Amino acid sequence: MCSRRQTEVVDSCKMSTSNEEKLDYIKSKIGTFPDFPKKGIVFRDIFSALNDPTACKYLKELLVHHIKEYYPDAEVIVGLESRGFLFNFLIAAELGIGCAPVRKKGKLPGDLISVDYESEYGKDTFEMQANAIQSGQKVVIVDDLLATGGSLKAAAELVRKAGGVVIGSLVVLELEDLHGRDKLNYDVHTLIKF
């Protein structure tokens, strides 16, 4: 006969889910939309997965786990407009560090720094508040998707202009056939590859 404590330990072991199982579960919930936002593009939709409370829980756990494992000295989590905002605040709050947004032109007040870039959809401009990152702070850039690499490259330029040090990036989804990783000159971790 097991004591109550032994039973609790056995039950918690049965209930634990590996990181691979969590990733598989999240991947199964990601929506696929052909020809969106324009013909020829297959859009992978993270919002479809976020409709599921278990996928939300697993995704949060995996994002925090990856930052702790690969970037334990991170001081600021930068999130890219707009889905990156879902993750950078959540990670920063969990780790007790700061976060900062990178937004498209005209969306932020105050003294700004900016970078023009090309994405899979065309040309655009990213901006960040000039005081969002202190000189020398170690920064991890977070977003939902790595496609052509243009937005992550531009975000790294902004961080460097602000005086920060990009120690890496964490993205939820990567579209490998677009080779966006090749444009980046810093460490990139991806949870799910298509």
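Each value in this text was obtained by applying a stated rule to the coordinates, not by laboratory testing. Nothing here was measured: the structure is a model prediction, and the numbers come from that model. Backbone-built Cβ (ideal geometry, glycine too); neighbour counts: all protein chains shown.
Full extension of the chain segment joining Asp111 with Asp187 gains 24.5 nm, where the gain is 0.36 nm per residue of separation less the Cα-Cα distance. The distance between label points at Asp177 and Val42 comes to 0.5 nm (points 7 Å beyond Cα on the Cα→Cβ vector). Binning all Cα-Cα separations of segment 111-194 at 5 Å, short to long from zero, yields these whole-percent fractions: 3, 16, 26, 24, 18, 9, 3, 0. For the chain, the longest principal axis of the C-alpha atoms and the axis of helix 4-15 are separated by about 50°.
Around the amide H of Val78, modelled in the peptide plane, lie the amide H atoms of Ala100, Val140, Ile141, Val142, all under 5 Å away and 5 or more residues distant in sequence or on another chain.
Taking the DSSP beta bridges with both ends in segment 23-152, the antiparallel portion is around 60 percent. Annotation: lysines with alpha-carbon distance below 25 angstrom to Lys22 (same-chain offsets under eight excluded): Lys14, Lys57, Lys60, Lys68, Lys193. With 0.36 nm allotted per residue and the present C-alpha distance subtracted, the Glu118-Thr54 stretch has 19.6 nm of extension available.
Each residue of segment 157-164 was assigned a 3J(HN,Hα) from its phi angle through the Karplus expression (A = 6.51, B = -1.76, C = 1.60, θ = phi - 60°), giving 4, 4, 4, 5, 4, 6, x, x Hz with x at Gly and Pro.
Only Cα pairs under 8 Å and at least 6 apart count here; give the relative contact order of the chain as a rounded whole percent. That works out to 15 percent. Axis of helix 84-95 versus longest Cα principal axis of the chain: the two differ by about 60°, to the nearest ten degrees. Convert 25 °C to kelvin, take the viscosity as 0.890 mPa s, use the Kirkwood radius over C-alpha pairs of the chain as Rh, and evaluate the Stokes-Einstein diffusion coefficient in µm²/s, rounded to a whole number. Calculated translational D: 138 µm²/s.
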